[in-house]
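Asks: Mind looking over this structure? Questions follow.
Please treat every number below as a calculation from the coordinates, not as lab data. Note that the structure is predicted; figures quoted are calculated from it, not measured. Backbone-built Cβ (ideal geometry, glycine too); neighbour counts: all protein chains shown.
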Amino acid sequence: MATNKRGRQSFVLPNKPVITHWASIAGKKESEGPLAEHFDMTSQDTYFGQKTWEQGEKRLQQLALETLMKKAKLHRYEVDVVFSGDLLNQCIGSSFSLRNTGIPHLGLYGACSTMAESLLLASMTVDGSYAGRAVAMTSSHFASSERQYRFPLGYGGQRTPTSQWTVTGSGAALVCSQGKGPQIESCTIGAVQDLGIKDANDMGAAMAPAALDTIRAHMEDLNMAPEDFDLIVTGDLGQHGKEVLLELSRREGLNLGGKLTDCGNLVFDNTTQDVHAGGSGCGCSAITLCSLLLGKLEKGTLQRILFCGTGALLSPTSTQQGLPIPGVCHAVSIISGR
């Protein structure tokens, strides 16, 4: 019997796993944005000392994990499992970053929802006493994503107003069975939603229905309301997708106004940085969570947030075949623990 399950897709975590440490590594454009002072490390080198952008993304995750271990004063053999993923084909950013480390690894693909997915799975694993320490980690890189999903950068293609800028960054969080820090109290596993949107330059609109479905499920399954949270943080719908979500929620009678924010809007300054509709990519919600948001929860500035990772589940193959873009959203409720 699933004693900790609530409703169709939500779960309570009675032992409240603790996020004891976190780390964020960001690129050049991100270092020029409003969250710069919150990152552990930034680099002006888009290759991160490597020969290709893809290898640079691998190095991003290595740096995030190394920084996390240093902050936690742990050796890698003291980590029970790493849940991680990225946007590259076959998740090579994650697997290559962990090769020959000896750390048990479960690779994930949830597109831009991967940070929430990895955090959700790490929390359930620790809460169920299958691990004492688990790492949730992900990354993305602007140049490697553009090469894989859209146009070669040298092509100079025109970006549409609804397009988003893939974040170059990696975030990692250490989830433990005991310790001090923000606590994870519940989570909701999302269901894939497809409303037929085919524009790969408007992924915010494609993901917004999934965000609404998961947020609504979390509220209903756990008897919660938007007023119970300081923030409901999606990641990453961007400005256009956030507006779509607000309109959809109004039609459903769910008032998110005043509570909803989006990592794609937090990580960049849309008035001074040319990012069109905002940030995107696995690293967008990862570095926002593992810097600003967890920092505010640790200090008690925020008491409870609902972290909702949103992912557009497209690939070059599906796009070239003219298929629509399914979306998914996973939610994790995090409390201050103070």
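Asks: Determine, for each peptide in 262-272, 324-334, the mean count of other beta carbons within 10 angstrom over its residues, then list the peptides with the highest first.
Replies: The densest-packed peptide leads the list: 324-334, 262-272.
Asks: In sequence order, what are the phi-derived ³J(HN,Hα) couplings for region 7-17 according to the Karplus relation 6.51 cos²θ - 1.76 cosθ + 1.60 with θ = phi - 60°, rounded to whole Hz, with x for glycine and proline?
Replies: x, 7, 8, 10, 9, 9, 10, x, 8, 6, x
Asks: Between residue 106 and residue 147, what FRET efficiency follows from the Cβ-Cβ distance if R0 is 30 Å, with the result rounded to 0.05?
Replies: For R0 = 30 Å, the calculated efficiency reads 0.70.
Asks: Taking amide H positions as placed 1.01 Å from N in the peptide plane, with prolines and chain starts having none, which residues 5 or more places from residue 105, or on another chain, fall under 5 Å of its amide H?
Replies: For residue 105, whose amide H was placed from the backbone, the distant partners under 5 Å are 82.
Asks: Applying the Karplus parametrisation 6.51 cos²θ - 1.76 cosθ + 1.60 with θ = phi - 60° to the phi angles of region 130-136, what ³J(HN,Hα) value in whole Hz is obtained for each residue in order, glycine and proline being reported as x?
Replies: Karplus-based 3J(HN,Hα) across region 130-136 equals 8, 7, x, 9, 9, 10, 10 Hz.
Asks: Calculate one ³J(HN,Hα) per residue across region 187-192 by plugging θ = phi - 60° into the Karplus curve 6.51 cos²θ - 1.76 cosθ + 1.60, and present them in order as whole Hz with x for glycine and proline.
Replies: With the stated coefficients, region 187-192 comes to 7, 9, 8, x, 10, 5 Hz.
Asks: Continuing with this model, one more query. Filter the cross-link list 28/71; 58/198; 70/296; 198/259; 16/58; 51/242 down to pairs whose alpha-carbon distance in this structure exceeds 27 Å.
Replies: Beyond 27 Å: 58/198; 198/259; 16/58; 51/242.
Asks: Of the labelled options [x] 21.1; [y] 19.4; [z] 24.1, which one gives Kirkwood radius over Cα pairs in Å as computed for this structure?
Replies: Matching the structure shown: [y].
Asks: Select from region 20-67 those trypsin sites (Lys or Arg not before Pro) which occupy a DSSP coil region and have at most 16 other Cβ atoms within 10 Å, ordered by residue number.
Replies: 51
Asks: Percent antiparallel among DSSP beta bridges with both residues in the chain, to the nearest 5?
Replies: So the antiparallel bridges in the chain amount to around 65 percent.
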